[in-house]
Amino acid sequence: MDSSERRKSGLNLPAGMSETSLRLETFSGSYRAISNLSSPSKSTSCSDRFIPCRSSSRLHTFGLIEKASPVKEGGNEAYFRLLKQELFGSDFGSSSPAGQGSPMSPSKNMLRFKTDHSGPNSPFSPSIFGPDSGFSSEASTPPKPPRKVPKTPHKVLDAPSLQDDFYLNLVDWSSQNVLAVGLGTCVYLWTASTSKVTKLCDLGPSDSVCSVQWTREGSYISIGTHLGQVQVWDGTQCKKVRTMSGHQTRTGVLAWSSRILSSGSRDRNILQHDLRVSNDFVSKLVGHKSEVCGLKWSHDDRELASGGNDNQLLVWNQHSQQPVLKLTEHTAAVKAIAWSPHQSGLLASGGGTADRCIRFWSTTNGNQLNHVDTGSQVCNLAWSKNVNELVSTHGYSQNQIMVWKYPSMTKVATLTGHSLRVLYLAMSPDGQTIVTGAGDETLRFWNIFPSMKAPAPVKDTGVWSMGRTHIR
């Protein structure tokens, strides 16, 4: 073939080779044989072919894995390299010889997609959702089985003379694991670790115990009396530290902040006591129109919530003499009050027989966030510090104890056992056990919340074994 014919065919053939001798065998069985690229017997019209610039293409995104292809006997290996140069560009002329795997050689896997690892993965890349990617979703995760709560108390204590009075608060559990109970004119201390019972005090025949409340440290206990006094006792030494006056009648509810002791009375007033000063009280909060029966400081000591027999829920700040919020949606007395330990400014309250509702409030703006009708009188509320759940105790008409998951307010458990309304509630320092008291003169201990470390319920020990004993 002379030089004019070689230019006409568009191929730079080696000397001594004609087009008729060309025959390209299949690559791995996926390409048809190409023969007689230009037949001498037929006239052909030659035109320029468009060959894209391969060096700017991302060919590495395709799995171009060459498999060895047999070269026809008598074929020219030099021509094979020249043909690859013509098809894939001059940059690939130095690729590996035929028969050795090269990622730039055509094969049956040429159009197989391969993830480009040179840049960040697209959020829609199949590799994200592939089985090897480790991707998991909530939809693929099986739902957790509901937590099992024992339906029976693991211990019952007899509490003779425990009063059936909705407006009193006669049970509290200290951070040092000592339970205080007001029975008639006396206060008794029950040490949970040893079941030892100690008589703290006797107010005498002319007075009686209306409320008890431990300090947060658990060393001192305050006692509200029927005559309106507030006494402070050293729980470890069983010695009275101080007596403060100011209320005209019974002091039915007490609440400690870090430094201030608040007391609520049937005289409709709330007194603020500071043991660091000599005065009986440092301020008086006036806002309720009937007996104050609920009182709780927020965990950060910034706000005090009070509930009364006037169906009002009032919120006071540290320095206010007037309530900063007046919440009047309840239609019965508000004794049950609890601040969430998980969310700042989240307050729960419960109404009496004519209301039966638990309501949730944001004290930041005063909005009611949610409410649920429990079907019976709400006597107490307590929020778990271990999980985002709360427990409520009830009176008329079912006398039940209910555990709720927040914020869905789905019922985790409903517990029964008391024969009269469950007026008293306290929680153990580890947050797993509650004690409930009722006018049936019993204290019942229930394991209802998981521990902070493990969701397993507390196992019964020798001191917690099921039995009925006396607290005095």
| remark: Extension length gain for GLU86 and LYS405 (0.36 nm per residue less Cα distance), in nm, is 107.6 nm
| query | Rounded, prolate or oblate: which fits segment 260-311, taking a ≥ b ≥ c as square roots of the Cα gyration tensor eigenvalues, rounded meaning a/c under 1.5, else prolate when a/b beats b/c? | reply | oblate
| Subset of LYS155/LYS405; LYS151/LYS411; LYS144/LYS411 violating a 18 Å alpha-carbon distance limit | LYS155/LYS405
| remark: Yeah, segment 173-262 with a ≥ b ≥ c from its alpha-carbon gyration tensor (a/c under 1.5 is rounded, else prolate when a/b outruns b/c, oblate otherwise) is oblate
| request: May I ask you to list the chymotrypsin sites (Phe, Trp or Tyr not before Pro) in segment 352-461 that are in a DSSP loop and have at most 14 other Cβ atoms within 10 Å of their Cβ? | output: TYR396
| request: Would you mind getting me the FRET efficiency between ASP158 and LYS289? Use the beta-carbon distance for r and R0 = 51 Å, nearest 0.05. | output: 0.85
| note | In Å³ per residue, the alpha-carbon convex hull of segment 382-459 encloses 88 Å³
| said: If DNA, RNA and ligands are ignored and the probe is 1.4 Å, what is the ranking of PHE80, PHE166 by accessible area, most exposed first? | reply: PHE80, PHE166
| Shape call, segment 342-417: gyration tensor on alpha carbons, a/c limit 1.5 | oblate
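The values are calculated or read from the model by the stated rules, or taken from the named source; none is laboratory data. These numbers were taken from a predicted model, which means no experiment stands behind them. A quick note on method: Cβ atoms are made from the backbone with ideal geometry, for glycine too, and the neighbour counts reach across all protein chains shown. Areas reflect the complete protein model, heavy atoms only, side chains present, ligands, DNA and RNA absent. Shrake-Rupley method; radii C 1.70, N 1.55, O 1.52, S 1.80 Å.
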